[in-house]
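The structure appears right after this line, and notes come after that.
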Number of protein chains: 2
Amino acid sequence: MADAAVRSKKPATSKRTPAGGAPTAPHTAEEAHEPRIDVPAVTDLLLGTWADTRREAREMIKDPAFWRIEGMPMAEHRERVMSQLHLLVEHGGSRRAFPEEYGGLNDNGANLAGFMELVLADPSLQIKSGVQWGLFGSAVYQLGTKPHHDAWLEGIMDLTIPGAFAMTETGHGSDVAAIGTTATYDPDTEEFVIHTPFRGAWKDYLGNAAVHGKAATVFAQLITGGVNYGVHCFFVPLRDDEGAFLPGVGGEDDGVKGGLNGIDNGRLHFDHVRVPRENLLNRYGDVAADGTYSSEIDSPGRRFFTMLGALVQGRVSLDGAATTGTALALYIALTYAGQRRQFDSGTGSDEVVLLDYGKHQRRLLPLLAQNYAQFFANDELLKKFDTVFSGKNDTPREREDLETLAAALKPLSTWAALDTIQECREACGGSGFLAENRFTSLHADLDIYATFEGDNNVLLQLVGKRLLSDYATQFKNADAASLAKFAVGQTAGKLFHGAGLRQLGQTVADFGSTARSVELGLRADQQHDLLAGRVQQMISDVAAALRPAAKLSPAEAAALFNAHQAELIEAARAHGELLQWEAFTDGVNRVQDAGTKQVLTWLRDLFGLSMIEKHLAWHMINGRLSTQRAASVSRYIDRLALRLRPHAQDLVDAYGFEPEHVRAPIASGAEKARQDEARAHYAALKASSDAPVSEKSLKKK
Amino acid sequence: MADAAVRSKKPATSKRTPAGGAPTAPHTAEEAHEPRIDVPAVTDLLLGTWADTRREAREMIKDPAFWRIEGMPMAEHRERVMSQLHLLVEHGGSRRAFPEEYGGLNDNGANLAGFMELVLADPSLQIKSGVQWGLFGSAVYQLGTKPHHDAWLEGIMDLTIPGAFAMTETGHGSDVAAIGTTATYDPDTEEFVIHTPFRGAWKDYLGNAAVHGKAATVFAQLITGGVNYGVHCFFVPLRDDEGAFLPGVGGEDDGVKGGLNGIDNGRLHFDHVRVPRENLLNRYGDVAADGTYSSEIDSPGRRFFTMLGALVQGRVSLDGAATTGTALALYIALTYAGQRRQFDSGTGSDEVVLLDYGKHQRRLLPLLAQNYAQFFANDELLKKFDTVFSGKNDTPREREDLETLAAALKPLSTWAALDTIQECREACGGSGFLAENRFTSLHADLDIYATFEGDNNVLLQLVGKRLLSDYATQFKNADAASLAKFAVGQTAGKLFHGAGLRQLGQTVADFGSTARSVELGLRADQQHDLLAGRVQQMISDVAAALRPAAKLSPAEAAALFNAHQAELIEAARAHGELLQWEAFTDGVNRVQDAGTKQVLTWLRDLFGLSMIEKHLAWHMINGRLSTQRAASVSRYIDRLALRLRPHAQDLVDAYGFEPEHVRAPIASGAEKARQDEARAHYAALKASSDAPVSEKSLKKK
């Protein structure tokens, strides 16, 4: 890293002593004679289980052909990204998730780990790849059977069949079950008739639909023999070799979007388009030649969720990509904050480096801690995904856990990406607004991550419902007394760890060595109790509030649920935060090196306490924190931020980015060079006889 | 408004009764038989003191020639906006702030009121106009004297002299006093030599610098006779008639930015560029032919702040533009939320309109309340600005109050713009991400408002220092005992209203008619006590923490200040929130119509309680709210949101936007048409014999 080189060459004279006058902690751990992280070891830790694949992907995207060019007009950008997809194919990047008999590698975890890194090159590339191989290709692979694999998988992998994933409609996004497109079976011709009955049922926002898609996996209500068997997926050709729509197919370009303009999103509609019966992707439901429907999953609801669940990888992938994109923003902003100077300290010495300001530490370092938590949580999610999809442990319960985990983590990381990138942008002032410094286009591109592949609030509501249902199962036979006991108990939190990453009650090691008295009540165990207790209490409160629903009319019950919707979503968010904290703690516990362990423990504490501070009023109202201890939380965070200040550059260097991933001029060392030049100019002027005296100094005389 | 027409034509059958099954409040006030706002009267109230000018500006920008075209490449966009500036000149839009003897209208309040509205057409147009007439033109007018006005004002007004405002440097943004550019007087030739001594001193991020600027007002350290008299402003020609840089002048294009790409931001540097002595804009400081410096302001610090203060209008203008831009986003998202349906309610009836969801009300309605507060506060700010700049009440104290007010309000409204636009974007899902629906480009363009014309955190720190200094003045002769008494007293809050909009202790009317018992403790008086008490306590806490500084070394004192920087910024933010609340309350008190007064009081309560909820832990830790009352705040907000639900469309219609201002297809009524078509399709199908039965219903049999 360019900056690491700069830092290691720093002469001893740059050390800042207290007498030097800056209101600051030491700038580096080296200067502070403090424990220091082993940077390469932390990089390994962050890259996680599939570190090798990630490194391979990062090596590949050092090629400028993969980089986003800021300000490129939409049409050109779309073609550039399409050509990047072909490059990916050449590098073998499209094969990892597919079965070996078709030239794939059958390595699900590695596949997602590799794709996530593409966000560093251009998020449009990451998402268009996701459309082609993660959604369109996955639908054929996961929802189809051998004849479909034989017919199309190779063409999908080598990009001779670019395709759209036609699920969302203008009128139905998150509520997939209610889409309007129909696929009516005609036994006379043994064909399905794909039809769009009204404008709201147009397929919409589909990558590859506006220009490149030759085919689509179209989700539609399967109707045969006068019965609607619910949503199924069909392989439907869209365009001929010249790119013209096939008969009955029509569409529109979605035009300019807020970001991801390297992807040709568009709309599709179908006017009685006929496809062969065999184009039904029939793994979970089939129609015989005579029109008889069959499925090995009897319940229509469970069948629907099984089909949708097969496509969970999109959420897993977004969680990772958002985490990596956020890391990039933090790398740029914190590197700049360690070099940029502004305002003198009032002591007559040099201007102050941004990261020495209390406010600057407070605005950026908790976000860094959060991002670390996300890395650890994403690796757990990825491992769970791989275990299920590789078949190593593929049970309905494991699938459900995986979906719940993904639904809990994707909202948190995609929102954190937007908040963090924005804070980083503002922390770099005007230079942060220049497209070359990456923040603005990262924000624009990642904006949609919060609402696609499942709207964040809708996903959290799903998680909340799952938590409620676990709660109800646990207490199926319990009386009111034990319910009440549960509500105040501290230990029952473990109930929720069916969907969690670790079992509660496991001893959490605490590595703080110089804890002050007020900090003693906010160590790891207490952080966990507070975070876990909050989930438990919130779910139990919502459950209690909803109990009368059973005796109400459907309309009244719906109104009652609606009155508690926001609380349930909050509870699910608390659950996600707990999962992140636990993953971070498990990660820290795996560390051997004492210095690394110490610094990462501080960082984990900063994360835990930031989550507690965010919900401080809740903890007080619910009797979890006394007023006095609550008041100490913010002060403890201030101290942790100051303590972590000298480690900031190490911690972002540990992301392992190379200059070809960063590319932002303000994080290249150019700012340090400018600052040094300016200070040298004034030093030389001062040493010469040419320096003007200041009016102020004259007036003092 | 298109939608108002739709609503007034709504047939009686669309009324939703409780039996109708939706978990919802009535959709409109009409249906609810509740008090209802007088929409045109509220529009008048929101448009405020210069409503006529605003309406004139809104009328002008109905011309599509003023509209932003999404996705337009940068070079084209820049030329389009330049041509829009010429159109503005033709409409007389550039004359309002300038003196009558040069063809101006000398109407400062109207001038800013008119410019703010341009944000609806294209924020690039608003900001490029601001650069030309609000910054470059203002510098010549406010910092220059008659010869400068005679020479350049007409050319500035009619755009024959497009100019840049060259204050910021690559190395110095908010810290203007430390810029590196020098203007050294040469008595032999009676010229100033403008010079850029190092790369960090290049002027940067300047609108009109990359392409269009023929001249610039350049801020530089004025050096004469070997003495540096601090930052002064110089009129410096940049380019010849062919657009080529004049000798010694150089520059670079800033390139693509995160937004505002209709403005040609760039960098400038000067290599010993000579300008006549008379090009010093000499209102506050002059150099005689022999090099003698003179100024009617003796203190260099006060002179510097007086010059900068003359340019406060930029901040006033951004506060208003951010408020109007936010209103547009709320109009679009709330109109859509009232038409879009998603998920059925589980009662077998229609799908639910988004705004009927508890979470949707909770995420959008408090932002609407906040935006109303901003409108009222901005009008107060604008009146204060006009009073000072018209000379009606132009004292140093009034100027200082004006600057403090602007510094308190601009950060709050520009941050609220980004948060609100983002929430609106997400609340509209995929359709919110299409550029045609405005959110993404509004966010991109307004992003920089948070850090230009004074970084928001730096501005709030200025406000905090002013509050500290007012506090210190008040207690100059007070002993420790009365300081301590102050810290716990409730009534001392009025101290801070020197810089505020209203005097504390004034009776605050309370129009709640059906208050429940828990609400009684959170009415207007209590809201005010809580908000004002928080400012007072926070300032007094910081002041107490900083008291030891006087006995410390400069370095230790700086470190002590730094440890409390984030708290001081928080205190300033609390001050701004109080000012907004007071302005909102004053506005409500001016209303005569009972229905309007009732609904706006609810909205004001929602704003006040949202601010209290945001800082709930603080109020509990500091003994201002009991646990029980704190717990009731969120429930009260839920109730207020539900109570305001039927008024949401009225409240956004009251912004007074017309279709040419809104332009977003999702707020055009198209969504309602799609929903109606879909429901009609299913109704017809149900009535026919062709409807497929659902598999679920078969299984039930």
Residue in region A:84-92 that is in a loop (DSSP other than H, G, I, E, B) and within 14 Å of chain B (Cβ to nearest Cβ) present: no
Condition check for A:K146: away from every other protein chain (no Cβ under 14 Å) and free of Cβ contacts under 8 Å to residues at least 24 places away in the same chain: yes
Take A:G291 and tell me if it is surrounded by fewer than 20 Cβ atoms within 10 Å (Cβ to Cβ), touching a strand residue (DSSP E or B) at 6+ places or on another chain (Cβ under 8 Å) and at positive phi. yes
Would a scan of region B:366-374 turn up a residue that is within 14 Å of chain A (Cβ to nearest Cβ), touching a helix residue (DSSP H, G or I) at 6+ places or on another chain (Cβ under 7 Å) and at negative phi? yes
Only one of (1) in contact with a strand residue (DSSP E or B) (Cβ under 7 Å, 6 or more places away or on another chain); (2) surrounded by fewer than 18 Cβ atoms within 10 Å (Cβ to Cβ); (3) over 15 Å from B:A166 (Cβ atoms); (4) not aliphatic (A, V, I, L, M) does not apply to B:E296, and that is (1)
If you go through region B:188-220, how many residues are surrounded by fewer than 24 Cβ atoms within 10 Å (Cβ to Cβ), at the interface with chain A (Cβ under 8 Å from one of its Cβ atoms) and under 14 Å from B:H272 (Cα atoms)? 2
Among (1) over 27 Å from the mean Cα position of the chain (by Cα); (2) modelled with pLDDT under 80, the one test that A:A472 misses: (2)
Consider B:Y185 against the criteria (1) facing another protein chain (nearest Cβ under 8 Å); (2) closer than 25 Å to B:A151 by Cβ; (3) aromatic (F, W, Y): it satisfies all of them except one. Which criterion is unmet? (1)
With the condition kept exactly as written, say whether any residue in region B:427-435 is surrounded by fewer than 24 Cβ atoms within 10 Å (Cβ to Cβ) and more than 9 Å from every other protein chain (Cβ to nearest Cβ). no
Kindly provide the set of residues from region A:287-301 that are closer than 28 Å to A:T404 by Cα and either away from every other protein chain (no Cβ under 12 Å) or part of a strand (DSSP E or B) (or both), ordered by number. A:E296
Run down A:S413, A:S441 and say which single residue is buried (at least 23 other Cβ atoms within 10 Å of the Cβ), assigned to a helix (DSSP H, G or I), at pLDDT 95 or above and more than 11 Å from chain B (Cβ to nearest Cβ). A:S413
Would you check if B:A177 is away from chain A (no Cβ under 11 Å), hydrophobic (A, V, I, L, M, F, W, C) and in contact with a strand residue (DSSP E or B) (Cβ under 7 Å, 6 or more places away or on another chain)? no
Got a sec? Which of A:E30, A:E59, A:E70 is surrounded by 15 or more Cβ atoms within 10 Å (Cβ to Cβ), more than 14 Å from every other protein chain (Cβ to nearest Cβ) and either at pLDDT 95 or above or not in a loop (DSSP other than H, G, I, E, B) (or both)? A:E30
Given (1) surrounded by fewer than 22 Cβ atoms within 10 Å (Cβ to Cβ); (2) under 20 Å from A:K384 (Cβ atoms), index of the condition A:L578 fails: (1)
Which residue out of B:I297, B:I332 is at pLDDT 95 or above, under 25 Å from B:P659 (Cα atoms), among the hydrophobic types (A, V, I, L, M, F, W, C) and over 18 Å from the mean Cα position of the chain (by Cα)? B:I332
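Per-residue answers, yes or no, for (1) among the hydrophobic types (A, V, I, L, M, F, W, C); (2) in contact (Cβ under 8 Å) with a residue 40 or more places away in the chain:
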| position | (1), (2) |
| --- | --- |
| B:Q342 | no, no |
| B:D350 | no, yes |
| B:L355 | yes, yes |
| B:R362 | no, yes |
| B:P366 | no, yes |
| B:L382 | yes, yes |
| B:T395 | no, no |
| B:E398 | no, no |
| B:L412 | yes, yes |
Count - residues of region B:444-457 that are in a loop (DSSP other than H, G, I, E, B) and more than 8 Å from chain A (Cβ to nearest Cβ): 2
In region A:215-238, how many are under 19 Å from A:L143 (Cα atoms) and outside any strand (DSSP E or B)? 0
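Quick check on B:T335: is it among the β-branched types (V, I, T), touching a helix residue (DSSP H, G or I) at 6+ places or on another chain (Cβ under 7 Å) and either surrounded by fewer than 24 Cβ atoms within 10 Å (Cβ to Cβ) or under 17 Å from B:D419 (Cβ atoms) (or both)?
Numbers: among the β-branched types (V, I, T): yes; touching a helix residue (DSSP H, G or I) at 6+ places or on another chain (Cβ under 7 Å): yes; either surrounded by fewer than 24 Cβ atoms within 10 Å (Cβ to Cβ) or under 17 Å from B:D419 (Cβ atoms) (or both): no.
Against the criterion (among the β-branched types (V, I, T), touching a helix residue (DSSP H, G or I) at 6+ places or on another chain (Cβ under 7 Å) and either surrounded by fewer than 24 Cβ atoms within 10 Å (Cβ to Cβ) or under 17 Å from B:D419 (Cβ atoms) (or both)), B:T335 does not qualify.
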If you go through region A:384-393, how many residues are in contact (Cβ under 8 Å) with a residue 40 or more places away in the chain and within 22 Å of A:G576 (Cα to Cα)? 2
For B:H269, the lone unmet condition from (1) within 14 Å of chain A (Cβ to nearest Cβ); (2) more than 23 Å from B:D175 (Cβ to Cβ); (3) of a type outside the set (S, T, N, Q); (4) assigned to a strand (DSSP E or B) is (2)
So the check is Cβ under 7 Å with 6+ separation or different chains; which pairs have a first residue in region B:540-552 that's part of a helix (DSSP H, G or I) and a second one that's surrounded by 16 or more Cβ atoms within 10 Å (Cβ to Cβ) and among the hydroxyl-bearing types (S, T, Y)? B:S540/B:Y471; B:A543/B:Y471
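Here's the yes/no breakdown for (1) touching a Leu at 6+ places or on another chain (Cβ under 7 Å); (2) assigned by TED's automatic domain parsing to the domain that holds A:R199; (3) closer than 18 Å to A:G454 by Cβ; (4) touching a residue at least 40 places away in the same chain (Cβ under 8 Å):
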site	(1), (2), (3), (4)
A:G104	no, no, no, yes
A:L112	yes, no, yes, yes
A:W133	no, no, no, no
A:L153	no, no, no, yes
A:H172	no, yes, yes, no
Quick check on B:R674: is it assigned by TED's automatic domain parsing to the domain that holds B:R573 and in contact with a Gly (Cβ under 6 Å, 6 or more places away or on another chain)? no
All positions within region B:97-132 that are closer than 20 Å to B:T217 by Cα and small (G, A, S): B:A97, B:S129, B:G130
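The values are calculated or read from the model by the stated rules, or taken from the named source; none is laboratory data. Quantities reported herein were computed from a predicted structural model and do not represent experimental measurements. Quick reminder, even Gly has a Cβ in these numbers, built from the backbone with ideal geometry, and neighbours come from all protein chains shown.
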